[in-house]
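A short reminder: the numbers here are calculations on the coordinates, not readings from a lab. Just so it is clear, the model here is predicted, and its values are computed rather than measured. Virtual Cβ from ideal backbone geometry, glycine too; neighbours counted across all protein chains shown.
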Amino acid sequence: MESPQHDPLGWHGTTILCVRKAGRVAMAGDGQVSLGQTVVKGNARKVRRIAGGKVLAGFAGATADAFTLLERLEAKLERFPDQLERACVDLAKDWRTDRYLRRLEALLAVADTKRSLLVTGQGDVLDPEDGVIGIGSGGNYALAAARALLPVDALDAEEICRRSMKIAADICVYTNGNFVLESLESQA
């Protein structure tokens, strides 16, 4: 059996959801930090604004590793302003090939006014066709809920995030109901 460190999609400990709908992009993350089966913190901030507030970034996985990747992504965005996809591709390339970076265990969900991207250590930069990304242990629950709610005209991106994150928190023991939600006007 492969250890969790070689299966980043199997990591548990957080839920990040990104939803793009009707001219807005919203990203939410829960606040729970777990160490094994113990909750050590309930109000962590796993979603933040970077690049002068123009990019939303959420992370799942090892916190120190995620912060290292976020710093690298910010540096890439300084080098390639307003080119999120190029910065993410460059980061993914470094992440996969650099001896130090390839040991980092995290996943990133990032979004600007134009794109929502999932960035992995395997060199993937994925742009979902429906504009919805879910990562972390509760990510699939939140993703499924968001996809079910996406066609409901009365719900905007923020409300879909709130409702979907609540569903994930009700199902996943590694996800709590203390959410941080950030949003941007998009150019969908």
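Brief remarks follow.
- For segment 72-143, trypsin sites (Lys or Arg not before Pro) are listed when DSSP marks them as loop and at most 12 other Cβ atoms sit within 10 Å of their Cβ; the list is 99.
- Distance from the alpha carbon centroid of segment 32-95 to that of segment 128-188 works out to 18 angstrom.
- Enclosed volume per residue, in Å³, of the convex hull spanned by Cα atoms of the chain: 108
- Set of aspartates and glutamates with alpha-carbon distance to residue 54 below 14 Å, sequence-local pairs under 8 removed: 74, 78, 82, 85, 112, 182, 185
- Extended-chain gain in nm, criterion 0.36 nm per residue less alpha-carbon gap, residue 78 and residue 170: 29.2 nm
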